[in-house]
1. Which ³J(HN,Hα) values, rounded to whole Hz and listed in residue order, are derived for the stretch 204-215 from phi using the Karplus coefficients 6.51, -1.76 and 1.60 in 6.51 cos²θ - 1.76 cosθ + 1.60 with θ = phi - 60°, glycine and proline given as x?
2. Using 0.36 nm per residue, how much length does the chain from SER376 to PHE347 gain when fully extended, once their Cα-Cα distance is taken away?
3. Could you run the Karplus curve 6.51 cos²θ - 1.76 cosθ + 1.60 with θ = phi - 60° over the stretch 107-121 and give me ³J(HN,Hα) per residue in whole Hz, x for Gly and Pro?
4. Given the pairs LYS105/LYS346; LYS23/LYS329; LYS116/LYS346; LYS105/LYS210; LYS105/LYS328; LYS126/LYS299, which span a C-alpha to C-alpha distance of over 26 angstrom in this model?
5. Of THR314, VAL324, PHE352, whose Cα points farthest to the positive end of the dipole of the stretch 271-378 (charges on the beta-carbon: +1 Lys, Arg; -1 Asp, Glu; origin at the Cα centre)?
6. Let a ≥ b ≥ c be the square roots of the eigenvalues of the Cα gyration tensor of the stretch 299-378; is it rounded (a/c under 1.5), or, if not, prolate (a/b larger than b/c) or oblate?
7. How much mean residue ellipticity at 222 nm does the chain get from its helices, if each DSSP H run of length 4 or more adds -39500 (n - 2.57) and you divide by all residues, to the nearest 500 deg cm²/dmol?
8. Which length gain, in nm to one decimal place, applies between LEU174 and HIS211 when the Cα-Cα distance is subtracted from 0.36 nm times their residue separation?
Amino acid sequence: EEAEHMEPVKSYSNIHGEWEERKISLWGAAKAFISQLRPGQDMTKITIPALFLRPYSILEEVASRMIGNVDEIQHIASLEDPADRMKTVATYLLTSARAENFNHKPYNPIIGEEHKARYELEDKSKVFFVAEQVRHHPPITAFHGVIPDKGVSVEGNSNFSVTFNGNSVTVSMLGEMRIKVVLPSGEEEVYRLSKCVPDILIQNVIFGTKHIYWSGKIAISCEQSGFKGEVEFVPHKGFNNVSGAVTKVGNNREEVVMYIAGNTGKALFIADNKKMKDKTKLVDYSNIHVNIPEYPDRKDLAPNSSLRLWSEVTQAIIDNDMEVADAKKNEIEQQQRAERLEPGDKFEAKYFRELGQDLWEPRDPTWYLTSPDINSDA
């Protein structure tokens, strides 16, 4: 018991394991699943059997993505040229669109579920992160990550809809992300991204060779500096071709200041001309360093924290005991149904508030000052 308390809590969203490559038996899947399916079905309303699940919650996935490549934006406030700051935001977004294996999906968080993480950068600056499930239908995850010493924060919310189209599945990402930067002058820039990651297209789900692609466009804009951009992900031979441009708006005109092109299997480049002459490398997908977050000690985990709430389901999936995993998952979901509010009751999120139309922001951007579970200075 004592030893278990000493062991650092881990999240499988940072750990590779044989569970990632487990083949899903068509028969097992059919029994568990197809009874619930109708063409054009909204799959967020379906109970997903453990067979299809990764051993962690969507909240853990969001934390690992945000902290995973936070190095890309940590120095943004110190860059003098606003074009360089825009390039930095684009790099942060594009680094997170690395090739993925979507054989299994993370757990759908229950309403009010929370997840905290921290990370220490090389210069000892700290990154603090919180995510909370703020809505059940549609499922919305709000998040906030901050590097207080560097005047940078990332906030927003994501939800998604999954549509089953016969032999393919489309995951449409919704919600927006904002990167806030406090410059040395004290003024704040806000970079709005139309979504956190691109949509996902999974082809040949049941028959044929499965392909997984990012898909669609993401827009970035900064009202304060007048820069805006758009990148588009187009499926191509197992990877994605990416193209985009950044424009500067001013004096009633708009001019393109940089072009982005490349492929998620290799690298993305940037140039000041459309033919990409004299291009320089922006993202090298073969060489991406991913940070591993740290989590609160086991004794400090809140009862509704992802790492405590799902721990038995997670262990069962790791052990490949799907019967136990389904039973434990069912217990959590039944309890959530039992505690579901009466019609008309509003769930009050702890860390976030709604700005309107499915946009959320942190209630208190300095919440980490009163979170001793991840901040030893609190």
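1. Karplus-based 3J(HN,Hα) across the stretch 204-215 equals 6, 5, 9, 10, x, 7, 6, 10, 10, 10, 7, 7 Hz.
2. Values: separation 29, 0.36 × 29 = 10.44 nm, distance 3.01 nm.
My answer for the length gained is 7.4 nm.
3. Using θ = phi - 60°, the values come out as 5, 6, x, 8, 4, x, 4, 9, 8, 10, 8, 9, 7, 10, 6 Hz.
4. Numbers: LYS105/LYS346 28 Å; LYS23/LYS329 21 Å; LYS116/LYS346 24 Å; LYS105/LYS210 15 Å; LYS105/LYS328 17 Å; LYS126/LYS299 22 Å.
Where the Cα-Cα span goes over 26 Å, the pairs concerned are LYS105/LYS346.
5. PHE352
6. Working: a/c = 2.67, a/b = 1.34, b/c = 1.99.
Verdict is oblate for the stretch 299-378.
7. On the way: 7 runs with 68 residues, N = 378.
Result for the chain: -5000 deg cm²/dmol, rounded to the nearest 500.
8. On the way: separation 37, 0.36 × 37 = 13.32 nm, distance 2.22 nm.
Stretched out fully, the LEU174 to HIS211 stretch lengthens by 11.1 nm.
Here, each number is a calculation from the coordinates, and none is a lab measurement. Please read all numbers here as calculations on a predicted model, not as lab measurements. Note that each Cβ is placed from the backbone with ideal geometry, even for glycine, and that neighbours are counted across all protein chains shown.
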